[in-house]
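Taking it in order: structure first as structure tokens, then the write-up.
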Amino acid sequence: MSTSPHNAYPAPVPPDHRGVVRGNVLRGKPVSSVAVLPMRPGTAANVVPKVALDGISLSYKTNSKGRLVALENISLQVQPGEFLCIVGPSGCGKSTLLHLIAGLHQPTSGQVSVDGKVVSGPGTDRILIFQELGLFPWLTVGQNVEFGMKMKNISKAEREEKIQYYLRLVHLSKFRDSFTHQLSGGMRQRVALARALATEPDVLLMDEPFAALDAQTRDLLHDELERIWAETGRTIIFVTHNVREAVRLGDRVALMTFRPGRVKQEFPIHLPRPRHIEETDVARTAREILDCLREEINKSLEVEYADEKAK
Amino acid sequence: MKKLSRQIIFYSALIGVWALLAKLHVWPPYLFPPPWGVGEALWAGFQDHSFWIGIAVTMKRMFIGYSLSVVLGMILGLGVGSYKFLEDTLGGLLVSLQSLPSICWIPLAVLWFGLTEKAILFVVLMGSLLSVTIAMEDGRKQMPKIYALAGRNLGAKGFRLFWSVLLPASLPFIVSGLKQGFAFGWRSLIQAEMIFLSLGLGQLLMMGRDLNDMSQVIAVMILIIILGFIIDGLVFRTMERKLQERWGLVPA
């Protein structure tokens, strides 16, 4: 198993605000001592970005109104190992953007590239965790985690080892033989995380994964996700409509506009880790972003009400 | 337990009434044999192996014909369910063909294949194919899209995507169609076997008629019912139970 892709990159600006040391427990091997991350876009311009969105637009035909522009000219760069959160009002195309990065759909114009290579379809270097999870109910928890590895033709012995490793990572070892409907929402969420991680993608795409959970479970999963991110060194692009959650988790928060979806503004988050969602610093930063977001939410509401009146 | 005792009482009463009517000689015994007459016919049939052979031959045909129709039906159904063009063209044809009783395929099959095994298999195939196809098409459409997306996202494509994701994901939606397809195929098979010398249960039934042996006719009819019932219970009920276990609830 390769220890880390980050070795390949020159050490970017060492941020002093990073509380979690990215040492590593992955089978006892150190991932990298230089796996510190650029916190601001542009600080490491010489580094090939892990994910680059270059002028992405997406529009599609609607039944009555002609064409709907869902995404317009989105350009974003995500650095290796970065935790990027994308927030925006519902309907702004956040999820669609993740689908495009995952290669499940193609943009109308522009291109997505990973490690400088243009994405043309799904690939196991980018795994998306869907909002609805999409766990396979006909498979056990263990078999769900195994699925992606099977598709990658990884040997039985190695699969076995990784199933155990990743189930332990999300604290679900005891539930290996359960079916997914027997688990609670938070547990299912963790199965989805383990299933995605087990294919060992460089980039983890998460689509409002915690939206349907109660606050306690969500807090707990925030901690776990932060820990797993620190342990595995993955690049994460995390979509949410919850600004506090974005500030709690992200190295950077990108705010999207409502129809057409554009990146309105990017906010680097310089708060020390580990963070907690109830911290005042988190709340204060979230407030700033929220003010900016509010305009977009109002716009989305106007459109929705206008739609209703039209009916 | 309550259900079982009710069933026992019901069937005992049924046989009782039958025995009584036979005893009273309401109809002559060669038209209305007593239960023990049918019992003897069953015994004799198994003794001289003709029933065993009949069951074996019929089951083998059913197995081959039905397997063929499941494979073909799934491919067709998946195609029609996935592509709008096929749905608009082939989809309509399939639905209209369903109004054709499968016994109508027998003359065609006999002319095409002669009085052969192939003709019988063809009729079984046509009997169950449409149900399986339409079930698969529905299953493909009803199946939550997320599974296909998740499968592709995890690196499944082509045949593996079908085999590991689309098929298991649509199973709860198609199991009733598979069951219906089996029932139709079973009927078509017995009908086809009645047409010409074929060794199966259908032929044994016709032989009873030719020999004016009402006991044998009823014995074979009972055999056909029991076989169909056993397969339904063994194969399809088990499948449904398994699905319930795994999915939590059966969505269909």
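Points worth noting:
- Among the numbered conditions (1) under 11 Å from A:L128 (Cα atoms); (2) touching an Asp or Glu at 6+ places or on another chain (Cβ under 9 Å); (3) part of a helix (DSSP H, G or I), the only one that A:P201 does not meet is (3).
- Residue among A:E208, A:E132, A:E161, A:E146 that is under 24 Å from B:A148 (Cβ atoms) and free of Cβ contacts under 8 Å to residues at least 12 places away in the same chain: A:E132
- Looking only at region A:107-129, residues that are more than 12 Å from every other protein chain (Cβ to nearest Cβ), touching a residue at least 24 places away in the same chain (Cβ under 8 Å) and surrounded by fewer than 21 Cβ atoms within 10 Å (Cβ to Cβ) come to 7 in all.
- When residues in region B:219-252 are screened for being away from chain A (no Cβ under 14 Å) and surrounded by fewer than 20 Cβ atoms within 10 Å (Cβ to Cβ), 16 of them pass.
- Boolean, A:E161 is within 14 Å of chain B (Cβ to nearest Cβ), more than 21 Å from A:T235 (Cα to Cα) and charged (D, E, K, R): no
- Pairs where the first residue, in region B:141-162, is over 14 Å from A:L135 (Cα atoms) and more than 8 Å from every other protein chain (Cβ to nearest Cβ) and the second is basic (K, R) and surrounded by 15 or more Cβ atoms within 10 Å (Cβ to Cβ), C-beta under 8 Å, 6+ apart: B:L161/B:R152
- Screening A:L76, A:L100, A:L104 for residues that are touching a Leu at 6+ places or on another chain (Cβ under 8 Å), at pLDDT 85 or above and within 12 Å of another protein chain (Cβ to nearest Cβ) leaves exactly one candidate, A:L104.
- Residue within region B:202-216 that is within 11 Å of the chain's Cα centre (by Cα) and hydrophobic (A, V, I, L, M, F, W, C) present: no
- Matching residues, region A:46-64, being of a type in the set (D, E, K, R) and in a strand (DSSP E or B): A:D54, A:K61
- Selection of region A:215-245 for residues being among the charged types (D, E, K, R) and either in contact (Cβ under 8 Å) with a residue 60 or more places away in the chain or under 19 Å from A:A283 (Cα atoms) (or both) yields A:R218, A:D219, A:D223, A:E226, A:R227, A:E231, A:R234, A:R244, A:E245.
- Strands (runs of 3 or more DSSP E) lying entirely in region A:77-195 (those with 2 or more residues that are closer than 26 Å to B:R246 by Cα and of a type in the set (V, I, T)): A:126-129
- So A:V253, is it assigned to a helix (DSSP H, G or I) and surrounded by 16 or more Cβ atoms within 10 Å (Cβ to Cβ): no
- Residue in region B:109-116 that is out of contact with any His (no Cβ under 7 Å at 6 or more places or on another chain), of a type in the set (S, T, N, Q) and assigned to a helix (DSSP H, G or I) present: no
The values are calculated or read from the model by the stated rules, or taken from the named source; none is laboratory data. Quick caveat, the model's predicted, so the values are computed rather than measured. Every residue, glycine as well, gets a Cβ built from its backbone with ideal geometry; the counts of neighbours run over all protein chains shown.
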